[in-house]
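Chemist: Starting off with a structure, shown below.
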Amino acid sequence: MCSFASMIEFIYNTAFVLDNDDSIKDWLHSLAKDEGFTVKNVHYNFVSAEKIHFINNQFLNHDYPTDVIAFDYSEDKELSGEVFVCQKIVEQNAVYYSQTIENETLRVLCHALLHLCGYKDKNSKDLVVMRSAEDKAIAAFHSTYK
């Protein structure tokens, strides 16, 4: 049973549902703690490709769908944010990057949380740091929460 159920919420607006959302919530809380943060309120919204395309265009001026978008409302060391995940794009990326769907899903979930922790990915140096943190987090999930 997840001890942090009220702080991280998964909102399903498509047919997709995580199999182990309590474990994933615990893992995300642990990741935040490892980064020196606590989670105040983070909502992960699973949405259609059309919806994430609209959000990406409306708020980021990118006219295409994407796998994950995070809006950061954090203050100090308390994470707060609204995250949008398109599982259809995640699954396409899993094939493209030769990953399991589970690992690619974990990657976008922790990717968003790492953005809330202040990680960037707009240049190659920052992207290497982000990918390393994602890989470490995914390995921790498989060794501790699965």
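Values in this text are rule-based calculations from the coordinates and carry no lab data. Just so we're clear, the structure is a prediction, and the values are computed from it rather than from any experiment. Neighbour counts run over all protein chains shown; Cβ positions are idealised from the backbone, glycine included.
Chemist: Tell me, what is the percent relative contact order of the chain, built from C-alpha pairs under 8 Å that lie six or more residues apart?
Modeler: This gives 21 percent for the chain.
Chemist: Let me ask another. If amide H atoms are built 1.01 Å from N in the plane of the peptide, which residues on other chains or at least 5 residues away come under 5 Å of the amide H of G81?
Modeler: N41, V42, H43, Y73
Chemist: Hey, got the dipole for the stretch 8-145? About the Cα centre, +1 on K and R Cβ, -1 on D and E Cβ, debye to the nearest 20?
Modeler: Details: 12 positive and 22 negative charges, 59 e Å.
I would put it at about 280 debye.
Chemist: Moving on to the next point. Given K25/K136; K51/K146; K88/K146; K88/K122; K77/K122; K33/K120, which pairs have Cα atoms separated by over 25 Å?
Modeler: Check vs 25 Å cut-off fails for K51/K146.
Chemist: Counting pairs of alpha carbon atoms under 8 Å apart in space and at least six apart in sequence, what relative contact order in percent does the stretch 65-146 give?
Modeler: Contact order relative to length: 24 percent.
Chemist: Report, in order of residue number, the helices in the chain meeting two criteria: a C-alpha extent of 20 Å or more along the helix axis, and a mean Kyte-Doolittle hydropathy of at least -0.5; treat each whole DSSP H run as one helix. Walk me through the intermediate numbers first.
Modeler: On the way: long enough: 101-116 (23 Å, 0.62); 124-140 (24 Å, 0.08).
Correct list, ordered by number: 101-116, 124-140.
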